[in-house]
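Down below is the structure, laid out as structure tokens.
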Amino acid sequence: MLDTTLADAADQSPARRAARSDGPLRIAFLSYRSDPKVGGQGVYLAQAAAALAARGHQVDVLSGPPYPDLAPGVRLVKIPSLDLYAQPHNGHRALRPRHLLSWADTAEYFGHLSGKFMEPYTFGRRAARYLRRRRDDYDVVIDNQSLCYGLLDIQAAGLPVVGVIHHPIRRDVELALAAAPDWKARWLIRRWYGFLPMQERVAPRLSSVIVVSETAGRDISACLKVDPARINAVPLGIDQEIFRPQPDLRRRERRLLTTASADVPLKGLGVLIDAYARLLTDYPDLELVVIGKLKPDGATARRLEALGLTERVSFISGLSNEEMAEQYARATICVTPSLYEGFGLPAAEAMSCAAPVVVTDGGALPEVVGEAGVVVRRGDPEALAAAVSQLLDDPAKRSALSEAGRRRAREVFSWARAGAAYEQILREAVAARC
């Protein structure tokens with residue numbers, strides 16, 4: 001644990017006292033992996049950090065690899081790891097004698113070797129070590145869902161920690177176990193999610209928690225035992241300069257677009273594929289484009305082969321935000337078939353680009369789209385196909401949803417609004433520790 005006596009002295013510094021009023025905050029924004037091209041959390045991190053910096057605060061992003069793309073004025077502090085998933089042979093040959101001198105390196109390697117996802121835990125140890133040496137440089141720490149033991153060390157040192165929790169990972173585990181074909185697969189899933197007990201112990205002990213929707217807040221309170229009084233619901237913002245209508249780009253007449261990890265049951269891609277197979281009977285020229293990677297030997301690839309759709313469904317990945325916006329602008333309908341979402345960023349981005357959206361009732365999706373989208377029962381390919389079919393046959397309805405979605409996105413999903421809310425929460429956390 002860190003030295004709380006020295007931390008108490010730091011609390012009385014002039015910079016810390018200034019942060020209690022209206023002065024700029026010095027923020028350490030933690031994220032264990034942050035590449036925006038490999039996950040929505042990387043997109044969130046870059047935009048949330050930029051929103052805080054735009055309000056005049058000093059924002060340092062402490063990130064493990066792969067690293068984020070950050071706006072000017074936001075500083076990146078690299079917290080290196082073994083980055084085993086990016087290594088040849090899946091990192092199994094990456095161990096060197098020097099790594100045995102570091103508990104974080106040793107734990108990362110051998111945990112990875114045995115099937116555990118170690119990055120949240122080991123990132124937390126490294127970030128805590130970094131902040132131990134520089135604790136007087138910051139007023140507050142905000143964590144992007146690592147929920148690691150290191151946060152408790154940081155908090156014990158006198159730095160308030162605000163955790164951002166997008167959704168309870170327990171939901172991922174439940175859905176993955178339900179979809180597992182046998183006991184071996186279930187064992188591997190439990191092993192992979194071995195970090196979950198850590199998160200469930202850390203979350204209730206944080207100073208404050210930010211969630212991305214009221215729905216996520218209720219689930220996080222139930223699953224992670226976080227006091228509802230310490231939960232603050234702040235909808236995500238959308239970069240309205242990038243995700244915007246593009247009237248110069250022609251929408252395709254028959255193109256469905258979705259963003260989904262191919263073999264994560266939570267995202268419901270299998271449900272959409274089954275719905276797409278039904279739709280092809282009446283719409284033989286209908287396209288399905290998936291923003292995500294197809295695992296060659298995964299369940300999705302096998303399902304596509306069984307349905308004879310391997311050559312009909314397109315997968316694209318590694319897109320920039322601008323390229324993502326172009327995909328939304330060209331789509332006839334954007335579909336979010338998830339079984340659960342704490343927010344549903346792709347749906348909000350599509351709405352911002354004036355694309356008609358169809359979503360399920362999984363988690364916060366109805367809360368995100370409001371009256372500006374079509375909501376169907378989750379896990380039901382027949383209901384999903386019917387909703388898509390109705391929109392394909394009704395251009396006027398698609399146009400009305402486009403306008404309503406764009407209007408809602410501008411009113412609700414504003415990073416200026418979210419940044420102001422974050423600032424207030426961070427100031428309250430600092431004041432509570434002074």
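Might you report the magnitude of the Cβ-based charge dipole of the chain about its Cα centre, with Lys and Arg at +1 and Asp and Glu at -1, to the nearest 20 debye?
Computed about the Cα centre, the dipole is about 1040 debye.
Cα gyration tensor of segment 334-420, axes a ≥ b ≥ c as square roots of the eigenvalues: rounded (a/c below 1.5), prolate (a/b > b/c) or oblate?
Cα axes put segment 334-420 in the oblate bin.
Of the options LEU304, GLY268, ILE210, report the single residue whose Cα projects farthest towards the positive end of the charge dipole of the chain (beta-carbon charges: Lys, Arg +1; Asp, Glu -1).
Farthest towards the positive end: ILE210.
So what is the calculated 222 nm ellipticity per residue for the chain, using -39500 (n - 2.57) for each DSSP H run with n of 4 or more, over all residues, to the nearest 500 deg cm²/dmol?
Per the formula, -13500 deg cm²/dmol.
Under a point-charge model restricted to the Cβ atoms of Lys and Arg (+1) and Asp and Glu (-1), what is the dipole moment magnitude of segment 255-412 relative to its Cα centre, in debye to the nearest 20?
Charge dipole, segment 255-412, about its Cα centre: 120 debye, nearest 20.
Determine, for each peptide in 275-284, 350-359, 290-299, the mean count of other beta carbons within 10 angstrom over its residues, then list the peptides with the highest first.
Answer by packing, highest mean first, reads 350-359, 275-284, 290-299.
Under 5 Å between amide H atoms, partner at least 5 residues away or on a different chain: which partners does ASN232 have, H built in plane at 1.01 Å?
VAL209, ILE210, VAL211
Report, to the nearest 10°, how far helix 381-392 tilts away from the longest principal axis of the Cα atoms in the chain, using its own Cα long axis and a range of 0 to 90°.
Tilt of helix 381-392: around 70 degrees.
Please list the non-local residues whose amide H lies under 5 Å from the amide H of VAL376, H modeled 1.01 Å from N, same-chain partners needing a gap of 5 or more.
VAL359, THR360, ASP361
Using only the alpha-carbon atoms, how far is helix 169-179 inclined from the longest principal axis of the chain? Give it as 0 to 90 degrees, nearest 10.
Approximately 40 degrees, to the nearest 10.
Answer with a single label: of (i) 47; (ii) 51; (iii) 41, which was calculated as percent of Cα pairs over 29 Å apart from the structure in view?
Label (i) holds the value from this structure.
Can you give the FRET efficiency to the nearest 0.05 for ASP248 and ALA386, using r as the Cβ-Cβ distance and R₀ = 30 Å?
For ASP248 and ALA386, the calculated efficiency is 0.35.
Skipping prolines and chain starts, which residues have an amide H placed within reach, meaning under 5 Å, of the one on PHE315, given they are 5 or more residues away or on another chain?
Amide H neighbours of PHE315, under 5 Å, 5+ apart: VAL290.
Relative to the longest principal Cα axis of the chain, at what angle does helix 119-133 sit, 0 to 90 degrees, rounded to 10?
The helix 119-133 is inclined about 30 degrees to the chain.
With the contact rule set at Cα under 8 Å and sequence spacing of 6 or more, what percent relative contact order holds for segment 282-402?
18 percent
Taking +1 at the Cβ of each Lys and Arg and -1 at the Cβ of each Asp and Glu, which of PRO247, GLY158, GLY362 sits farthest along the dipole of the chain towards its positive end, judged by Cα position relative to the Cα centre?
Checking the options against the dipole of the chain, the answer is GLY158.
Where nothing but the Cβ of Lys and Arg (+1) and of Asp and Glu (-1) is charged, how large is the charge dipole of segment 156-306 around its Cα centre, in debye to the nearest 20? List each step's numbers first, then the result.
Values: 23 positive and 18 negative charges, 86 e Å.
Rounded to the nearest 20 debye, it is 420 debye.
Pairs of alpha-carbon atoms within less than 8 angstrom and 6+ residues apart define the contacts here; what relative contact order does the chain have, in percent?
15 percent
Would segment 225-279 count as rounded, prolate or oblate if I go by the C-alpha gyration tensor, calling it rounded below 1.5 in a/c and otherwise prolate when a/b exceeds b/c, oblate otherwise?
Because a/c hits 1.5 or more and a/b fails to exceed b/c, segment 225-279 counts as oblate.
Of TYR130, CYS148, TYR193, which is farthest on the positive side of the dipole of the chain, counting Cα position, with +1 on Lys and Arg Cβ, -1 on Asp and Glu Cβ, and the Cα centre as origin?
So the residue furthest toward the plus end is TYR130.
What nm distance separates the two modelled labels at ASP136 and ARG230, each placed 7 Å from Cα along Cα→Cβ?
My value for the distance between the label points is 2.9 nm.
Readers should treat all values here as calculations from the given coordinates under stated rules, not as data from a laboratory. Small disclaimer: the values here were computed from a predicted structure and weren't measured. Counting neighbours? That spans all protein chains shown, and the Cβs are built from the backbone with ideal geometry, glycine included.
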